[in-house]
Amino acid sequence: MNQGIQSTPSGDEGKLKLAIQKSGRLHDDSLKLLKECGIDISNGVNKLKSEASNFPLEVFFLRDDDIPQYVEDAVADIGFVGENVVYEKNKKIDVVEKLGFGKCRLSIAVTRGDVYDDVNFLEGKRIATSYPVLVQNFLNEKGINAEIHEISGSVEIAPGIGLAEAICDLVSSGSTLFMNGLKEVETILQSQAVLIRNRQLAPGQQAILDKLLFRIQSVKKAKNNKYVLLNAPNDNLQQIISLLPGMKSPTVLPLAEEGWSSVHSVISESTFWDIIEKLKAAGAQGILVVPIEKMII
Ligand code: ATP
Ligand code: ZN
């Protein structure tokens, strides 16, 4: 089961062991996040583990389902894994940080022609899923009795072959459900990749984790913000400045052209379009929007 990885009970205090998915939907984004954090992993896909060349990190490549157990057992100190797996496995680990990728939802779906008014539809029905624990929790919460059929893959074909009347599976676009003649009727969990940790890290490893978390948070903040540069007529400068929150306050520099200033600021992705429209209405011109690579505040 543990694919030859040996736990080191004494621990190498000078290094942190990270488990990521060996191959699959989380693999590339996990490596990309490390890269954005300035951590170089030489190679990996066909190997069991790899060492970072410029950060005290050793990366293990594992099946995602096994990651919570490895982290509980301290074979790995930390892991990147979907919340769906974390809450299904229910191991003694802590969730430290949402990572912003691997977004999906765990949903119940029924045959498209079914009349589904509410969750009572599921009473006495058979539900096929790879997530028996999460589905059972949902049914208990709703006071519904249904039969859970645990299957490990291709859950979406279960209604078509007469194995179940409903399924519960991960959905992102919904196209797999659609192609199989199903419709989504309940969402039981919103999920994304998270960083999980062993509960008893040595002080040295805790210090490396803090350093890694600081980098991850800087990358996440940068992704959620844009750097904006614009030209503002001095007559409307105050109004334009009031639209820009900035990290402290916007930078204002005089332009060579009389009566104009250059204004620089940072605005968040969520308010972006709203603010850009107001800036234009207030007379801002030559608006440049630039992605931010890292944001340290
Ligand atoms: P493994 O071989 O590691 O067990 P797997 O087949 O269980 O891989 P993948 O299909 O690669 O897993 O999905 C890994 C994770 O990606 C899921 O557990 C989930 O957190 C996330 N994910 C994001 N979007 C989707 C989606 N549309 N369908 C399935 N998983 C998704
Ligand atoms: Zn898996």
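Quick notes
- Residue-by-residue Karplus 3J(HN,Hα) for the stretch 266-273, coefficients 6.51, -1.76, 1.60, Hz, glycine and proline x: 10, 10, 7, 3, 5, 9, 3, 5
- In order along the stretch 121-136, the Karplus-derived 3J(HN,Hα) couplings, from 6.51 cos²θ - 1.76 cosθ + 1.60 at θ = phi - 60°, round to 3, 7, 4, x, 8, 9, 10, 8, 6, 9, 10, x, 5, 5, 5, 4 Hz, and Gly and Pro are given as x.
- Relative contact order of the chain, defined on C-alpha pairs under 8 angstrom at six or more residues apart (%): 18 percent
- If the segment from residue 199 to residue 47 were pulled out straight at 0.36 nm per residue, it would be longer than the present Cα-Cα gap by 52.0 nm.
- Maximal additional length on extending the residue 207-residue 221 stretch stands at 2.9 nm, based on 0.36 nm per residue less the C-alpha distance.
- Residues whose amide H lies under 5 Å from that of residue 81, counting only those 5 or more places away or on a different chain, are 194, 196; hydrogens are built 1.01 Å from N in the peptide plane.
- Assuming charge only on the beta carbon of Lys and Arg (+1) and of Asp and Glu (-1), the dipole of the chain about its Cα centre is about 620 debye to the nearest 20.
- For residue 179 and residue 270, the difference between the fully extended length at 0.36 nm per residue and the C-alpha to C-alpha distance is 29.5 nm.
- Simple spin-label estimate for residue 285 and residue 114 gives 6.1 nm between the two label positions (7 Å along the Cα-to-Cβ direction from each Cα).
- Antiparallel bridge percentage (DSSP; both residues within the chain; nearest 5): 75 percent
- The relative contact order of the stretch 104-191, computed from alpha carbon pairs under 8 Å that lie at least 6 residues apart in sequence, is 49 percent.
- Inter-probe distance in nm under a simple model that places probes 7 Å from Cα toward Cβ, at residue 28 and residue 242: 4.7 nm
- What you get for the stretch 227-297, charging only the Cβ of Lys and Arg (+1) and of Asp and Glu (-1), is a dipole of about 180 debye around the Cα centre.
- Cross-link check: pairs 17/91; 49/92; 89/221 evaluated at a Cα-Cα cut-off of 20 Å; pairs beyond the cut-off: 49/92; 89/221.
Bear in mind these aren't lab numbers, they're just calculated from the coordinates by the rules spelled out. As the structure is a computational prediction, the values presented were derived from the model and not from experiment. For neighbour counting, all protein chains shown are included, and Cβ atoms are generated from backbone atoms with ideal geometry for every residue, glycine included.
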